[in-house]
Amino acid sequence: MSLECGGKRSATPLWIILFKAESTMTQTKAPSTLRSAGALQNRIIIIGAGHNGLVTACYLPKAGLKPLVLERRAVVGGACVTEEIHPGFRCSTLAQNVSPLFPRIVKNLELERHGLELIQPAVRVFSLNTNGASVGIYEDTKRTVDELKDLSAKDADSYPEFISTFARIGRAISPLLTMTPPDIDKPAKSELWSLGKLGWAIRGLGKKDEYRLLRYGPMAVADLAELDLGERYALILGVTVLQHILMPSRLRASIDRLAAHLAPGGQIVLLEAAPSRQVSRCDSPVFVAREAATYLAAFAQAGLRCVAIYGVDPAPFKILFLPWYPRLPRPLALAGLVGVTALSFPLDVMGGRRLVYASWHKVFVLERAESG
């Protein structure tokens, strides 16, 4: 169906998909600010009929909710659509693979009964080069090594270890894909237990893979200095991003780009390692702990003003221990880390927000300077 506005048919169609609940509906009462004369609210609106929106819409009825999916295009599927790119040639026009697709989603949605068939090609990536030899990355590690030898013997020798490292890191952090984010203010015991198990799995990787995870993870932040999405946003959230940008010039450029994407009246909320005084003993090739004053000066230079600062972790035990962590035998290092974390947790929870000066991490709430 297409959307009509003021008696005139819009040039952009609005596609609406309604999902009928397969289980008995149980109505839930909305908060008072969302309630009208005590009415029961169970309608959920999903903007965009992409694969994530469609999967969500299939699960919501099982929780007693009524999803309404809105889609602008004439086709549904989002990144998973297959379209004709030339007469007679059809392919996926965005997603190049289906990873990660959890087996339980395939089972719950009965996708195989509806015709789903997954194909594992021998070639993962093939990069064409009009000025020289092309490069193929294959499922078969040995075949990839043979392909790389003609271009770089060093890369070819390193590739098997590179693949093994990613497999180990993937196994350690894969629970993140199915974990519900914890309540930051009042985390449940089960949430803390899940986070503890995840942290223990990461610690179990060993120093070399831990370092690689810390190095690989924030690599993409370098692109922030050239960010241009062509839109402005009312809320921009960043969690430990700027602390991984090592060069001061790139840091300033990145903050400028964040400011350029902030809509009038909007806010930027950033969580960063920002001690109140210079502490360089914890710096590494992938991380720098800048003083809070350095961030505040950079924010002001970008036309932003800080309207609030909150503390997170004022307990000093971890800061004192971390420089010693790499030097200790692994069993002792792990035991020490667990000990200082347990010692810090009560103080961090009770006084984190208020003890701003003592906090290692800080939350900065920023607005455009002219909005004040």
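Laboratory data are not the source of any read-out in this text; all were calculated from the coordinates shown. Not measured: the values here are computed from a predicted model. When we count neighbours, we look across all protein chains shown, and the Cβ atoms used for this are built from the backbone with ideal geometry, even at glycine.
If R0 is 25 Å, the Cβ-Cβ spacing of PHE162 and VAL55 corresponds to a FRET efficiency of close to 0.20. With both labels modelled 7 Å from their Cα along Cα-to-Cβ, the GLN278 to ILE85 distance reads 5.3 nm. Counting only C-alpha contacts under 8 Å and six or more residues apart, can you give the relative contact order of segment 123-205 as a whole percent? It rounds to 18 percent for segment 123-205. The packing ranking of peptides 314-326, 122-134, 250-262, highest mean first, is 250-262, 314-326, 122-134, where packing means the average number of other beta carbon atoms within 10 angstrom of each residue. For LEU68, the amide hydrogen comes within under 5 Å of the amide hydrogens of ILE44, ILE45, ILE46, counting only partners 5 or more places away or on other chains and with H modelled in the peptide plane.
Compared with the direct C-alpha span, the chain from LYS154 to LEU192 gains 9.4 nm at full extension, assuming 0.36 nm per residue. Taking label points 7 Å from Cα along the Cα-to-Cβ direction, ASP185 and TYR211 give a separation of 4.2 nm. Each peptide in 267-273, 82-88 gets a packing score, the mean of other Cβ atoms within 10 Å over its residues, and the list from highest to lowest is 267-273, 82-88. In this structure, the amide hydrogen of GLU272, modeled 1.01 Å from its nitrogen in the peptide plane, lies closer than 5 angstrom to those of THR240, LYS362, PHE364, counting only residues at least 5 positions away or on a different chain.
Result for the chain in a Gaussian network model with C-alpha springs under 10 Å: among LEU176, LEU60, LEU304, the largest mean-square fluctuation is at LEU60. Shown here: the chain, whose C-alpha atoms stretch 68, 63, 43 Å along the first, second and third principal axes, sorted largest to smallest. Over the chain, what is the mean sequence separation of C-alpha contacts under 8 Å (at least six apart), divided by residue count, expressed as relative contact order in percent? Averaging sequence separation for qualifying contacts and normalising by length gives 10 percent for the chain.
Largest mean-square fluctuation among ALA49, ALA289, ALA333, in a Gaussian network model of the chain whose springs join Cα atoms under 10 Å apart, belongs to ALA49. The fewest-to-most ranking of THR165, THR141 by surrounding Cβ atoms within 10 Å reads THR141, THR165. Taking 24 Å as the limit for the C-alpha separation, the pairs LYS62/LYS107; LYS142/LYS197; LYS66/LYS186 exceed it in the case of LYS142/LYS197; LYS66/LYS186. If R0 equals 25 Å, the separation of the Cβ atoms of ARG43 and VAL75 corresponds to a calculated FRET efficiency of about 0.50. Using R0 = 35 Å, the C-beta based FRET efficiency linking HIS114 and ASP140 works out to 0.65.
Here the convex hull built on the C-alpha positions of segment 123-205 has a volume of 139 cubic angstrom per residue. Computing Rg and the Kirkwood Rh from the Cα coordinates of segment 185-303 gives a ratio, Rg/Rh, of 1.01.
I need ARG290, ARG277, ARG72 ordered by Cβ neighbour count within 10 Å, fewest first. Walk me through the intermediate numbers first.
On the way: ARG290 21, ARG277 8, ARG72 12.
Ascending Cβ contact count within 10 Å gives the list ARG277, ARG72, ARG290.
Here the 3J(HN,Hα) profile of segment 210-216, calculated from phi with Karplus coefficients 6.51, -1.76 and 1.60 at θ = phi - 60°, is 4, 4, 5, 4, 5, 7, 5 Hz, Gly and Pro shown as x.
I need the shape label for segment 282-372. Rule: rounded when a/c is under 1.5, else prolate if a/b > b/c, else oblate, with a, b, c from the alpha carbon gyration tensor. Judged from the Cα gyration tensor, segment 282-372 comes out oblate (a/c at least 1.5, b/c at or above a/b). Highest mobility in the GNM of the chain, judged by mean-square fluctuation with C-alpha springs under 10 Å and restricted to ALA172, ALA153, ALA225, is found for ALA153.
Shown here is the pair-distance distribution of segment 57-179: with all Cα-Cα distances grouped in 10 Å bins from zero up to the longest one, the shares run 9, 25, 32, 22, 10, 2 percent. The distance between label points at LEU235 and ARG354 comes to 2.6 nm (points 7 Å beyond Cα on the Cα→Cβ vector).
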